[in-house]
Structures are given as structure tokens and as C-alpha cells.
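Below is one structure; the comments refer to it alone.
The values are calculated or read from the model by the stated rules, or taken from the named source; none is laboratory data. Model, not experiment: these values are computed from the prediction. We place every Cβ from the backbone using ideal geometry, glycine too, and count neighbours over all the protein chains shown. For the accessible areas, the whole protein counts, side chains as well, though only heavy atoms, and no ligand, DNA or RNA atoms are used. Shrake-Rupley method; radii C 1.70, N 1.55, O 1.52, S 1.80 Å.
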2 protein chains.
Amino acid sequence: MKATILIRPKSGILDPQGLAVETGLGHLGFNVQNAHVGRLVELDVSANDEADARAQIERMCEQLLANPLIESYEIVVEAAA
Amino acid sequence: MKATILIRPKSGILDPQGLAVETGLGHLGFNVQNAHVGRLVELDVSANDEADARAQIERMCEQLLANPLIESYEIVVEAAA
């Protein structure tokens, strides 16, 4: 089952990559605000159904993929082709 | 105008972060394949309409956000609230 995990810095947490992107784009002449940089993880997981896949991925996020202290995550599970 | 940019390693390009995630999750007992790690950029851009926003963000990707040699990007523009 194909899944996409979007990992974002929690609001209020310092996001130096986001600041660098915002500053860099400003120097290039673009007018942008509120830039934030996170991570995108895509993977295929063996699961019985969508609920199982989602539960497994939540455990993956807590154990390895994200730092729950400073990052939030959003899980999108796509039905198997 | 709020926009999300998904930046992924192109297929066929070595993705060491993806391999590390796949190996790490395997060691934790998860059964996953085809793990890939990319970047997620979210920002607000000043634009007249969606087409303008998309054109600006394509230029941002080419100039700063992505490395077009090894990364592909997907732009999602949300209508302003």
C-alpha cells in the first residue's frame, strides 16, 4: 500500500531552513512569506487495509521518521493499484 | 496565495536518505519497500492568480528550491482563504 508522509516543523518551533528559503527567495526578487521546509517520505507498506497501514505508519513516525517533539506529521494512504 | 511544493529525488538517482529509512524501518520490524525521502516546502506567494503563482514557483524551483538535475518537483497552489 502506497503512502505519503508529510513532516513539518511544528508552528512556533524555529525553522532555519524555512527562514533561509524565505530570505533567499527575497534576494532573488520573489515576494514570499511564511516559508517552511519539511520532509516528504513516500513508501510502500505491507498492510491488510488502510487502517492497518495508517497505524503502522504512525508507529514509524513516532519511532524513526519524525521527531514528535518538534515536528508534526500528516499521513496520506493511497489504495493499492 | 498558499502553495505547497513537493520535491522528490528523480527515479534512478541514488537516494541515500530513502535507503536509510528503508533499512532503519526494516530493523524496527516494519515491512516497507521503495522508500524515498524528499522535501516539502510551504509558502505564501503574492500573485494575481493561480497561473501567476504557479509560474513564479516554477522559477523559484529552478533557481533555488530544487536541483533540476536530480530532483523533480510538484506544485500545489491553494486558493487564498
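Could you list, in sequence order, the residues of region A:59-76 that are aliphatic (A, V, I, L, M) and either open to solvent by less than 80 Å² (accessible area, probe 1.4 Å) or within 11 Å of chain B (Cβ to nearest Cβ) (or both)?
A:MET60, A:LEU64, A:LEU65, A:ALA66, A:ILE70, A:ILE75, A:VAL76
Could you list all residues from region A:8-35 that are surrounded by 19 or more Cβ atoms within 10 Å (Cβ to Cβ) and assigned to a strand (DSSP E or B)?
Listed by number, the residues that qualify are A:ARG8, A:PRO9, A:VAL32, A:ALA35.
Inside region B:43-58, can you point out the residues that are within 8 Å of chain A (Cβ to nearest Cβ) and open to solvent by 30 Å² or more (accessible area, probe 1.4 Å)?
Within region B:43-58, B:ASP44, B:SER46 meet the criteria.
Looking only at region A:23-81, which residues are of a type in the set (Ser, Thr, Tyr) and under 30 Å from B:ARG59 (Cα atoms)?
A:THR23, A:SER72, A:TYR73
Identify all residues within region B:3-31 that are touching a strand residue (DSSP E or B) at 6+ places or on another chain (Cβ under 9 Å) and at pLDDT below 95; write none if there are none.
B:SER11, B:ILE13
Given the options A:ALA55, A:ALA3, name the one that is under 24 Å from B:ALA66 (Cβ atoms), out of contact with any Lys or Arg (no Cβ under 7 Å at 6 or more places or on another chain) and not in a loop (DSSP other than H, G, I, E, B).
Within the list A:ALA55, A:ALA3, the selection yields A:ALA3.
Out of curiosity, is B:PRO68 in contact (Cβ under 8 Å) with a residue 12 or more places away in the chain and touching a helix residue (DSSP H, G or I) at 6+ places or on another chain (Cβ under 9 Å)?
So B:PRO68 does not fit the description; no.
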